[in-house]
Amino acid sequence: MAVCAHENLNLIALGFKDGTAIILKGNITRDRQSRQRIIHKEEEQGVYITGLAFRQVGVNPVLMLSTNQAVYSCYLGDQPKKTKVGDVGCELHCSTLTDHSQDFKFVIGRSEAVHFFTTEGPAQCKAFEGEKSLIRWYRGYLIVVYDMTRGVSRMGSNSKGGAMLSIYDIQNQFVAYQTTIQTHVTDVLMEWGSLYILLKDGRLNRLDELDTKTKLETLFKKNLYHTAISLARSQSYSDGLVEIFTQYGDHLYSKGDFDGAIAQYKLTIGTLEPSYVIRKFLDAQRIHNLTDYLKDLHDNGEANADHTTLLLNCYTKLKNVEQLTRFVREEKVSFDVEAA
């Protein structure tokens, strides 16, 4: 049986093995009796309810409902309406609802993939292969438990039993955590800011999320700078972005990708000391890149007279008379005439 309660406790949905789902309406903490009505009923034999989740659309609650064959959205406003939004279903415990980071989509897990649905229809699909026994959502992470006794996931584990727990950062598109467990996972619970993994043998394991700085340091060691930037932005870690741009620029510079490096250094303008970048590209004789950086330095109002003198010299060495003339005419520049 599938059970779901609305956050205001005025609605409870129950789903049964015969394919029927009912809604109980009333304050369950005070009322002795509740009104109930059938919201879904399957005519075909062998179809059963596997997942239920409430979400809000405007002022009206919507019940997302999955069977082993399909997915439905049921509007519960003044004019109730049920819409079939997907032709694929899932097994019991293999559905969940995301949070605001993914616009409260309904998620189901199948052996070939994980499917996301809005109240109107399919939204996206992630090819996470493997027989799934449990799916949960926690703070932007999709938690998937794979049943290793029924099939091996594409992660390549050779385990012949137990389960594999994978935690995916959907927004930033990387595997945040993964482990193999030598017994079955009964449930994954979220409480007190941690994840608790309840195992069939009675053990309870706790997982704590690392702080953002530690996550970024781990990504730096793996040279996953694009992922680090995406992670920092998604967690509003603005103080660390300049450090990431600088480290990424240094990494690209060491690899000889000067165009890519200068693109990262330009993102540090206003925070990173310009001389740090200028020295690198003077030594490397990368005048084109240095000119590009100095031009952005002026465009952002961060240039001084020495920077202006250097930019004029760069234009002169490049024999770029058109840019030099335009810059002198358009900018109110102050520079060392003899040096220039």
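How do the peptides 182-188, 131-137 rank, highest first, by the average count of neighbouring beta carbon atoms within 10 Å per residue?
Listed from highest to lowest mean packing, they are 131-137, 182-188.
Which trypsin sites (Lys or Arg not before Pro) in segment 165-227 pass both tests, a DSSP loop state and at most 14 other beta-carbon atoms within 10 Å?
Passing sites in segment 165-227 are Lys200, Arg203, Lys222.
Once each part is reduced to its C-alpha centroid, what is the distance from segment 1-26 to segment 196-239 in angstrom?
34
Do any cysteines in the chain lack another Cys Cβ under 4.7 Å, and if so which?
Cys4, Cys74, Cys125, Cys314
Using DSSP to define loop residues, name the GluC sites (Glu not before Pro) in segment 31-89 whose beta-carbon has at most 10 other beta-carbon atoms within 10 Å.
Of the GluC sites (Glu not before Pro), the ones in loops of segment 31-89 whose Cβ has at most 10 other Cβ atoms within 10 Å are Glu43, Glu44.
Would you mind working out the accessible area per residue for the chain, using a 1.4 Å probe, and quoting it in Å²?
Counting only protein heavy atoms, the per-residue value for the chain is 55 Å².
With a 1.4 Å probe and every protein chain kept in, tell me what percent of the accessible surface of the chain is carbon plus sulfur.
Carbon and sulfur together cover 47 percent of it.
Per residue of segment 11-16, in order, report the coupling 6.51 cos²θ - 1.76 cosθ + 1.60 (Karplus, θ = phi - 60°) as ³J(HN,Hα) in whole Hz, putting x for Gly and Pro.
So the Karplus estimates, Gly and Pro as x, are 9, 10, 10, 10, x, 10 Hz.
Identify the chymotrypsin sites (Phe, Trp or Tyr not before Pro) of segment 176-217 meeting these criteria: DSSP loop state and at most 13 other C-beta atoms within 10 Å of the C-beta.
Trp192
Of Lys255/Lys295; Lys41/Lys82; Lys255/Lys280; Lys280/Lys317; Lys126/Lys222; Lys105/Lys126, which ones are farther than 20 Å apart at the Cα? Write down the numbers at each step before the final one.
On the way: Lys255/Lys295 24 Å; Lys41/Lys82 11 Å; Lys255/Lys280 13 Å; Lys280/Lys317 18 Å; Lys126/Lys222 24 Å; Lys105/Lys126 13 Å.
Violating the 20 Å Cα-Cα cut-off are Lys255/Lys295; Lys126/Lys222.
How tilted is helix 225-234 with respect to the longest principal axis of the chain? Cα atoms for both, answer in degrees (0 to 90, nearest 10).
Around 60 degrees separate the two axes.
Considering the alpha-carbon set of the chain alone, what are its Rg and its Dmax in angstrom?
Answer for the chain, Rg first and Dmax second: 28.3, 92 Å.
Which of these, Arg139, Arg37, Arg110, has the largest mean-square fluctuation under a Gaussian network model of the chain (Cα springs below 10 Å)?
Maximum fluctuation in the GNM of the chain, among the listed residues, is at Arg37.
Against the longest principal axis of the chain, how steep is helix 305-317, in degrees 0 to 90 to the nearest 10, with axes from Cα atoms?
Long axis of 305-317 versus the principal axis of the chain: about 80 degrees.
What angle do you read, to the nearest 10 degrees and between 0 and 90, between the alpha-carbon axis of helix 241-254 and the longest principal axis of the chain?
Roughly 60 degrees, rounded to the nearest 10.
The values are calculated or read from the model by the stated rules, or taken from the named source; none is laboratory data. Since the structure is predicted, the reported quantities are computational estimates derived from the model, not experimental observations. Glycine gets a Cβ as well: all are built from the backbone with ideal geometry, and neighbour counts include every protein chain shown. These accessible areas exclude ligands, DNA and RNA; they are computed on the full protein's heavy atoms, side chains included. Shrake-Rupley method; radii C 1.70, N 1.55, O 1.52, S 1.80 Å.
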